[in-house]
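Have a look at this one before I ask anything.
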Amino acid sequence: MQSLTGYLSGILMDAFENAGLSRDYGRVTVSDRPDLAQFQCNGALAAAKAAKQNPRAIAERIVEAIAANPIFRDLSIAGPGFINLSLTDEFLGQWIGRIANDARLGVPEKSPENVVLDYGGPNIAKPMHVGHLRASIIGDAIRRLFAFAGDRTIGDVHMGDWGLPIGMLISEIAIQQPDLPYFDRNRSGPYPQQSPVTLEELEALYPKAAGDCKADPERLERARLATAELQEGRAGYRALWQHFFEISVEAMKRDFAALGVHFDLWNGEACVDPLIAPMIETMEKAGVVEQSDGALVVRVAEPDDKHEIPPLILRKSDGAVMYATTDLATIVDRVKTIDPDLMLYIVDQRQHLHFEQVFRAAIKARLNGKARMEHLGFGTMNGPDGKPFKTRAGGVMKLSDLIRMTIEAADAKLAEAGIGKDYPARERAEIARMVGIAALKFADLSNHRIQNYVFDLDRFTRFEGKTGPYLLYAAVRVKSMLRKAEDQGDRPGAIVAPAEGERALMLTLARLPEAIAGAYDGRAPNELCAFAFDLAQSFSGWYGNFHVLSEPDAELRRGRLALADLALRQVVLILDLLGIDVPERM
Ligand code: ARG
């Protein structure tokens, strides 16, 4: 169904059109002065400017034209020509009733587009760390939001598995265990099934190798050579790579499952390897590639750039390809297999220049088909010192440790509040898990993604304030009220016109489409968080003033149950779009 502002806009647009003015001026929005009116239309001012007429006179004409419409309780003109509109309680009640009966809770569906979302971005052979938390949580929320809005979404984890870190690892193992069959160039035939190293060993090898490469240029050269040989197809190296890949993906899947983050595609940089040579050939033919000191580059700078945009390096002189090369080949692959209308990259803001280069090169070489490309950057999660979050010992915090810590903190808060103390241990543990994940996700998503924020477990897990646990608790309270109603034989009925003190809740419920559209257009899940919090507050204000279960009038009681039920369904929907599950009871 249409949104309420959409419906009202239709009425005002007709009035503008009948007055010989453009329909565009009829757009109605939620009032930013709720003390004066429920909705507003500012179009008379712009219309007056264009038609060189008096804005107040135009506003008066419009108001006159719609005055007979029985849905309006109050129409007035403020200042130079703002039209203020308020609805009758009857109409408002009916509208909320329609929302309650709508499968999409009042939210219109957009025409579908193919949208690829690139998020998560973990690297194989390295544990996922806190940096991957934001990429995963924000990306998954945007994917859910786009899917709900009506798009066909494809979430791709795009693992880092084809660069220098892999060459560092291969050369490190070659140094430590030179006799392994993977290093025997003369060997033909199969390699062992079992990886020569465990994930734990790999995770320890990487910092060692990286440290040595940093300290010793010769050691670094060895890693570079191994990377180039891996990419060229040296069989033993490819076999080792396969081991790294398999054991890493298993661990990643575990972490992502714990976080409740979903991917449709488990692709990585390496899977586009076969596309790279033909892509470079196409780009050379298109004349967008240049030689520079033995390397192949694409010049992407433009005359009016404010900052210098360096050339994108496609292939180094040693033959190895770069991060940008695999990103370009991935665009080629997605265009071929998915034909996206839009590609969204949910990646750390510090990679902004990289994406600027990649997008420009893709457009220059016409690799992107019809797809628009956007980098949706995000800030860092910081420690109390304001620097990117570290463990107490100063190392990077593993994602799995962070999740465990958060669930423990949630568990402690539940115990403190005496929540679920008589529940079976398994259920309690499950509640703690859900509260912990809600705390983590909501805290992350409630800031605009570009902002940095401070990791503060105590604040995140509180049951008061703008937190995940507060919203879960609010939702669970309504669930339990509805269960009680059912026990006493009451089911939600028809929503009735609001009494004094009920309008605010109804107007909030009618605002869900704006919250969804705002979050969608801005690629900003924080707008969903803000709406969920507004709704919970508005609901709790109403619930404090109106009896539901003890209301003697059956029609009123069932109407209020329906209102509570709608509020619950909206909160649960938004939390679901944020990737947050709500327990049955707490
Ligand atoms: N693996 C990269 C990292 O850890 C992120 C990948 C982001 N996606 C992309 N298409 N480049 O920084």
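The values are calculated or read from the model by the stated rules, or taken from the named source; none is laboratory data. Bear in mind the structure is a predicted one, so any value in this text is a computation, not a measurement. Cβ: placed from backbone, ideal geometry, glycine included. Neighbour counts: every protein chain shown. Heavy atoms of the whole protein, side chains included, go into the accessibility calculation; ligands, DNA and RNA do not. Shrake-Rupley method; radii C 1.70, N 1.55, O 1.52, S 1.80 Å.
Looking at the structure I just gave you, is residue 33 open to solvent by 50 Å² or more (accessible area, probe 1.4 Å) and touching a helix residue (DSSP H, G or I) at 6+ places or on another chain (Cβ under 8 Å)?
no
Could you tell me which residue of region 257-294 is farthest from the ligand (Cβ to nearest atom), considering only residues that are outside any loop (DSSP other than H, G, I, E, B), of a type in the set (Val, Ile, Thr) and open to solvent by less than 30 Å² (accessible area, probe 1.4 Å)?
280
Pull up region 115-161, narrow it to residues that are surrounded by fewer than 24 Cβ atoms within 10 Å (Cβ to Cβ) and among the polar types (S, T, N, Q), then point me to the one that is nearest to the ligand (Cβ to nearest atom).
Of everything passing the filter in region 115-161, 123 is nearest to the ligand (Cβ to nearest atom).
Run down 37, 47, 51 and say which single residue is in contact with a strand residue (DSSP E or B) (Cβ under 6 Å, 6 or more places away or on another chain) and small (Gly, Ala, Ser). Don't jump to the end; show me each part of the working.
Details: 47 fails: in contact with a strand residue (DSSP E or B) (Cβ under 6 Å, 6 or more places away or on another chain); 51 fails: in contact with a strand residue (DSSP E or B) (Cβ under 6 Å, 6 or more places away or on another chain).
Just one listed residue meets the conditions, 37.
Additional query: How about region 347-357: which of its residues are aliphatic (A, V, I, L, M) and within 8 Å of the ligand (Cβ to nearest atom)? Steps first, please.
Of all residues in region 347-357, those aliphatic (A, V, I, L, M) come to 347, 353.
Across region 347-357, the qualifying residue is only 347.
Here is a further query. Looking only at residues that are of a type in the set (Lys, Arg) and closer than 19 Å to residue 450 by Cβ in region 301-359, which one is most open to solvent (accessible area, probe 1.4 Å)?
Here the answer is 306.
Return the residues of region 434-459 that are in contact with a Ser or Thr (Cβ under 6 Å, 6 or more places away or on another chain) and open to solvent by 10 Å² or more (accessible area, probe 1.4 Å); say none if nothing qualifies.
452
Is one or more of the residues making up region 402-409 within 15 Å of the ligand (Cβ to nearest atom), in a helix (DSSP H, G or I), within 19 Å of the chain's Cα centre (by Cα) and touching a residue at least 40 places away in the same chain (Cβ under 8 Å)?
So far as region 402-409 goes, no, none of its residues is within 15 Å of the ligand (Cβ to nearest atom), in a helix (DSSP H, G or I), within 19 Å of the chain's Cα centre (by Cα) and touching a residue at least 40 places away in the same chain (Cβ under 8 Å).
Does residue 76 count as among the polar types (S, T, N, Q), closer than 30 Å to residue 56 by Cβ and either open to solvent by 20 Å² or more (accessible area, probe 1.4 Å) or within 15 Å of the ligand (Cβ to nearest atom) (or both)?
Considered against the rule, which asks whether it is among the polar types (S, T, N, Q), closer than 30 Å to residue 56 by Cβ and either open to solvent by 20 Å² or more (accessible area, probe 1.4 Å) or within 15 Å of the ligand (Cβ to nearest atom) (or both), residue 76 comes out as yes.
Further question on the same structure: Of the residues 108, 112, 165, only one is assigned to a loop (DSSP other than H, G, I, E, B), open to solvent by 20 Å² or more (accessible area, probe 1.4 Å), touching a strand residue (DSSP E or B) at 6+ places or on another chain (Cβ under 8 Å) and in contact (Cβ under 8 Å) with a residue 24 or more places away in the chain; which?
112
Within region 86-104, is even one residue in contact with a strand residue (DSSP E or B) (Cβ under 6 Å, 6 or more places away or on another chain), under 30 Å from residue 59 (Cβ atoms), polar (S, T, N, Q) and more than 13 Å from the ligand (Cβ to nearest atom)?
yes
Condition first: touching a helix residue (DSSP H, G or I) at 6+ places or on another chain (Cβ under 7 Å) and more than 29 Å from residue 495 (Cβ to Cβ). Now tell me which residues in region 55-99 satisfy that.
55, 58, 59, 62, 65, 77, 80, 81
Can you find a residue that is under 29 Å from residue 140 (Cβ atoms), within 11 Å of the ligand (Cβ to nearest atom), at pLDDT 95 or above and of a type in the set (Gly, Ala, Ser) anywhere in region 304-324?
yes
Please work out if residue 191 is assigned to a helix (DSSP H, G or I) and of a type in the set (Ser, Thr, Tyr).
Criteria not met by residue 191.
Something else: Report yes if residue 372 is under 23 Å from the mean Cα position of the chain (by Cα), open to solvent by 30 Å² or more (accessible area, probe 1.4 Å) and modelled with pLDDT of 95 or more, otherwise no.
yes
Name every residue in region 465-483 that is open to solvent by 30 Å² or more (accessible area, probe 1.4 Å) and within 15 Å of residue 446 (Cα to Cα), in order of residue number.
465, 466, 470
Checking residue 221 against (1) closer than 23 Å to residue 269 by Cα; (2) surrounded by 14 or more Cβ atoms within 10 Å (Cβ to Cβ), which test does it fail?
All conditions pass for residue 221, except number (2).
Additional query: Out of region 503-529, which residues are among the hydrophobic types (A, V, I, L, M, F, W, C) and either at pLDDT below 95 or open to solvent by 40 Å² or more (accessible area, probe 1.4 Å) (or both)?
504, 507, 517
For region 240-260, what are the residues that are aliphatic (A, V, I, L, M) and within 18 Å of residue 206 (Cα to Cα)?
Passing the criteria: 240, 247, 249, 251, 252.
Checking the structure you have, find out if any residue of region 46-58 is open to solvent by 60 Å² or more (accessible area, probe 1.4 Å) and touching a residue at least 40 places away in the same chain (Cβ under 8 Å).
Looking through region 46-58, none of the residues is open to solvent by 60 Å² or more (accessible area, probe 1.4 Å) and touching a residue at least 40 places away in the same chain (Cβ under 8 Å).
Same structure, new question: Of all residues in region 120-155, count the ones that are in contact with a helix residue (DSSP H, G or I) (Cβ under 8 Å, 6 or more places away or on another chain) and outside any helix (DSSP H, G or I).
Of the residues in region 120-155, 12 are in contact with a helix residue (DSSP H, G or I) (Cβ under 8 Å, 6 or more places away or on another chain) and outside any helix (DSSP H, G or I).
In region 390-409, what residues are open to solvent by 50 Å² or more (accessible area, probe 1.4 Å), of a type in the set (A, V, I, L, M) and within 15 Å of residue 432 (Cβ to Cβ)?
405 - this is the single residue of region 390-409 that is open to solvent by 50 Å² or more (accessible area, probe 1.4 Å), of a type in the set (A, V, I, L, M) and within 15 Å of residue 432 (Cβ to Cβ).
Please find, within region 410-422, the residue that is surrounded by the most Cβ atoms within 10 Å (Cβ to Cβ) out of those that are touching a residue at least 12 places away in the same chain (Cβ under 8 Å) and assigned to a loop (DSSP other than H, G, I, E, B).
The selected residue is 420.
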